[in-house]
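A quick write-up on the structure given underneath.
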Amino acid sequence: MNRIKALIIVSLLTTSLFGQSKETDTLSKKQIPKFNYKSLIIPTALIGYGVIGLENKGIKNFNSEIKKELNGHVNEEFSVGDMVQYTPALSVYGLNALGIKGKHNLKDRTIILGTAFIIMGTTVFGMKKLTQVNRPDDSNITSFPSGHTATAFMGAEFLYQEYKDVSIWYGVSGYLVASGVAYLRIYNNRHWFTDVVAGAGFGIISTKVAYWMYPFMKRTFFKDKKDRDGIVMPFYNGKEYGIGFSMSF
């Protein structure tokens with residue numbers, strides 16, 4: 001029953017997040033992104049739920065119920081989430097390579113993605129060090145928030161922002177993939193429910209802030225307007241996952 005609850009919550013999460021984005025992010029292609037506090041409501045609420053859950057007994061009990069229910073049905077671990085977390089973000093580059101153009105060119109979208117990745121990585125790493133929450137499998141004390149989930153939702157919001165003027169379904173697919181990553185992190189006993197909820201919030205808000213910062217970043221650090229060829233790909237060195245970028249000058 002709790003597994004069903006978790007699935008329903010993840011589904012509602014995806015729907016509500018996308019509804020919020022559609023309502024508040026109404027910029028046209030040529031408009032400069034501007035701060036809109038309404039678009040922060042849902043990601044802030046997600047982060048708030050996760051933070052409150054660090055001490056709230058009722059939320060902790062709900063975490064434990066989900067863990068107990070899922071552990072009773074797990075036959076083997078699915079590690080697909082390790083690489084799938086990058087799928088939404090990389091899809092932007094794949095779609096452009098196929099000729100389906102998004103909002104920004106290679107240089108500009110890479111500035112935005114790089115900024116979002118730095119913001120997300122810094123905040124998630126900082127929160128892990130600050131909170132030191134034990135993982136459900138007792139492997140370490142870096143459970144809160146979920147970095148995999150944050151990365152996936154960061155990419156999903158990036159995909160949505162780049163292609164919302166082309167088709168809403170690109171964004172829907174990105175959020176569905178991100179929700180799947182979140183579910184697998186719980187299923188594989190690597191995170192509590194509050195970890196992935198907060199991770200989703202951190203990921204989404206990182207991308208939104210990156211878009212707001214983009215004009216300043218481009219004007220300050222990337223004055224050359226010439227577009228360049230390049231490639232973005234995930235990397236794995238045996239211990240860590242990340243995104244690598246190569247550009248030809």
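The values are calculated or read from the model by the stated rules, or taken from the named source; none is laboratory data. Just so you know, these numbers come straight off a predicted model, no measurement behind them. Using ideal geometry, Cβ is built from the backbone for each residue, glycine included, and neighbour counts are taken over all protein chains shown.
Could you pull out the residue among L27, L54 that is at pLDDT 95 or above and either assigned to a loop (DSSP other than H, G, I, E, B) or on the phi < 0 side of the Ramachandran plot (or both)?
Numbers: L27 fails: at pLDDT 95 or above.
Result of the check over L27, L54: L54.
Of note, G199 satisfies the criterion of being under 30 Å from N61 (Cβ atoms) and in contact with a Phe, Trp or Tyr (Cβ under 8 Å, 6 or more places away or on another chain).
Only one entry of S179, S143, S173 meets the criterion of being out of contact with any Pro (no Cβ under 9 Å at 6 or more places or on another chain), at pLDDT 95 or above and among the small types (G, A, S), and that entry is S179. Take E69 and decide whether it is among the acidic types (D, E) and either at pLDDT 60 or above or touching a His at 6+ places or on another chain (Cβ under 8 Å) (or both). The answer is yes for E69.
Restricting the stretch 201-225 to residues that are among the aliphatic types (A, V, I, L, M) and surrounded by fewer than 24 Cβ atoms within 10 Å (Cβ to Cβ) leaves a set whose member that is farthest from K38 (Cα to Cα) is M217.
Within the stretch 153-160, can one find any residue that is touching a Ser or Thr at 6+ places or on another chain (Cβ under 6 Å), touching a residue at least 60 places away in the same chain (Cβ under 8 Å) and within 14 Å of G199 (Cβ to Cβ)? Taking every residue of the stretch 153-160 in turn, at least one turns out to be touching a Ser or Thr at 6+ places or on another chain (Cβ under 6 Å), touching a residue at least 60 places away in the same chain (Cβ under 8 Å) and within 14 Å of G199 (Cβ to Cβ). Restricting the first member to the stretch 167-195 and to residues that are under 14 Å from K68 (Cα atoms), and the second to residues that are of a type in the set (F, W, Y) and in a helix (DSSP H, G or I), the beta-carbon pairs closer than 7 Å and six or more apart or on different chains are I186/F193; F193/F62.
Going by the conditions given, is T110 of a type in the set (S, T, N, Q) and either crowded, with 17+ Cβ neighbours inside 10 Å or in contact (Cβ under 8 Å) with a residue 60 or more places away in the chain (or both)?
Values: of a type in the set (S, T, N, Q): yes; either crowded, with 17+ Cβ neighbours inside 10 Å or in contact (Cβ under 8 Å) with a residue 60 or more places away in the chain (or both): yes.
It is true that T110 is of a type in the set (S, T, N, Q) and either crowded, with 17+ Cβ neighbours inside 10 Å or in contact (Cβ under 8 Å) with a residue 60 or more places away in the chain (or both).
In this structure, is N140 over 19 Å from the mean Cα position of the chain (by Cα), free of Cβ contacts under 8 Å to residues at least 40 places away in the same chain and surrounded by 14 or more Cβ atoms within 10 Å (Cβ to Cβ)? When the stated conditions are applied, N140 does not pass them.
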